[in-house]
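*Asks:* Would you mind keeping the following structure in view while I ask a few things?
The values are calculated or read from the model by the stated rules, or taken from the named source; none is laboratory data. Everything quoted here is computed from the prediction, not taken from an experiment. With ideal geometry, Cβ positions are generated from the backbone for all residues, glycine too; neighbour counts draw on all protein chains shown.
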Amino acid sequence: MSSSVYLVIPCYQESGRISRFLGELCDETQKLGGVSIRVVEDGSGDAEARRLRDIVAAQQNRSPHLLPPLMLPENLGKGGAVYAAWREEKNAEWLAFVDADGSCSALEVARLIRIAREDAPRSAFFASRIKMLGKTVERDFCRHLLGRVYASLVSELLDIPVYDSQCGLKLVPRLCFQAVQARLKIHGFAFDVELLVALLDSGCAVHEVPISWHEIPGGKVHLLRDPVRMARDVLKIKAARAQGGSAASLP
């Protein structure tokens with residue numbers, strides 16, 4: 001029996017982009033078996049929530065492993081939406097999330113799940129946008145440049161050799177997440193970095209896996225405002241780490 005995976009799709013005003021990707025994702029994960037999918041509507045407003053609910057309901061007619069959406073009453077941020085769903089899951093061996101826009105294809109999601117299933121659930125797997133091993137990465141140049149600067153900042157300030165902490169596809173063993181969840185305070189775009197640090201400090205290995213990536217227009221990251229906020233969050237993570245805010249060790 002393949003290990004079970006609980007896959008979350010955080011959505012903030014994503015009804016215009018998620019339909020096609022959700023269908024493709026449901027088809028690919030149904031072939032794998034043992035995967036359940038939960039769409040999380042992150043307080044986008046009543047009209048957007050209705051549209052997203054209708055999209056999910058239509059797909060559920062042919063995808064029994066697609067669960068009813070989790071409707072958050074207010075916007076928590078991407079990390080907050082992911083954690084709200086992860087914290088409710090008590091049985092799956094793996095917790096995962098993928099961005100709603102389809103920049104990371106359903107085929108790549110399925111491939112990362114297969115890679116994780118070959119390993120005992122004691123290591124986390126973070127997708128990484130690296131042009132290697134036959135993978136293609138199509139990104140806006142400015143976003144790519146900012147991403148490289150940010151990754152360098154994370155590596156230098158936190159002393160972590162990571163190439164891409166922000167790629168929107170990750171799988172984490174549920175027991176590893178439960179060991180560190182009390183430490184996770186950041187719910188914005190830098191939540192990936194805090195999660196990475198907490199997992200590593202707890203003794204959980206983290207593997208970066210190169211994937212193909214095709215950027216879809218309409219992203220929510222503001223190229224001028226959000227990098228500053230994310231840098232501030234990295235400094236907060238560094239300070240908390242220095243003050244002994246280390247995660248609990250794995251059981």
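*Asks:* Looking only at region 96-111, which residues are crowded, with 21+ Cβ neighbours inside 10 Å and of a type in the set (A, V, I, L, M)?
*Replies:* Selection gives 96, 98, 100, 109.
*Asks:* Check whether at least one residue in region 51-72 is of a type in the set (D, E, K, R), under 15 Å from residue 169 (Cβ atoms) and at pLDDT 95 or above, and report yes or no.
*Replies:* no
*Asks:* I need the full set of residues from region 51-71 which are out of contact with any Ser or Thr (no Cβ under 9 Å at 6 or more places or on another chain) and either over 24 Å from residue 2 (Cβ atoms) or not polar (S, T, N, Q) (or both), in order please. Explain how you work it out, then say what you get.
*Replies:* Going through region 51-71, the residues out of contact with any Ser or Thr (no Cβ under 9 Å at 6 or more places or on another chain) turn out to be 53, 56-57, 60-62, 64, 68-71.
Across region 51-71, the qualifying residues are 53, 56, 57, 61, 62, 64, 68, 69, 70, 71.
*Asks:* Might you check whether a residue that is more than 21 Å from the chain's Cα centre (by Cα), among the polar types (S, T, N, Q) and at pLDDT below 70 occurs anywhere in region 239-250?
*Replies:* Yes; the residues of region 239-250 include at least one that is more than 21 Å from the chain's Cα centre (by Cα), among the polar types (S, T, N, Q) and at pLDDT below 70.
*Asks:* Is there a residue in region 88-95 that is touching a strand residue (DSSP E or B) at 6+ places or on another chain (Cβ under 8 Å), over 20 Å from residue 212 (Cβ atoms), aromatic (Phe, Trp, Tyr) and not in a helix (DSSP H, G or I)?
*Replies:* Yes.
*Asks:* Restricting to region 29-58, and then to whatever is part of a helix (DSSP H, G or I), more than 18 Å from the chain's Cα centre (by Cα) and not hydrophobic (A, V, I, L, M, F, W, C), can you tell me which residue is farthest from residue 105 (Cα to Cα)? First the steps, then the outcome.
*Replies:* Step one: list which residues in region 29-58 are part of a helix (DSSP H, G or I), which gives 29-32, 46-58.
Filter once more, keeping what is more than 18 Å from the chain's Cα centre (by Cα): 30-32, 46-58.
Then keep just the ones that are not hydrophobic (A, V, I, L, M, F, W, C); that gives 30-31, 46, 48, 50-51, 53-54.
On the way: 30: 15, 31: 15, 46: 29, 48: 24, 50: 25, 51: 22, 53: 22, 54: 22 Å.
Filtering first and then ranking leaves 46.
*Asks:* Something else about it: Every residue in region 188-198 that is of a type outside the set (Asp, Glu), within 14 Å of the chain's Cα centre (by Cα) and buried (at least 19 other Cβ atoms within 10 Å of the Cβ), please.
*Replies:* Going residue by residue through region 188-198, those that are of a type outside the set (Asp, Glu) are 188-191, 193, 195-198.
With the extra rule that they be within 14 Å of the chain's Cα centre (by Cα), the set shrinks to 188-191, 193, 195-196.
The answer is 189, 190, 191, 193, 195, 196.
*Asks:* Here are some conditions: (1) under 28 Å from residue 121 (Cβ atoms); (2) assigned to a helix (DSSP H, G or I). Residue 63 meets all but one. Which one does it not meet?
*Replies:* Condition not satisfied by residue 63: (2).
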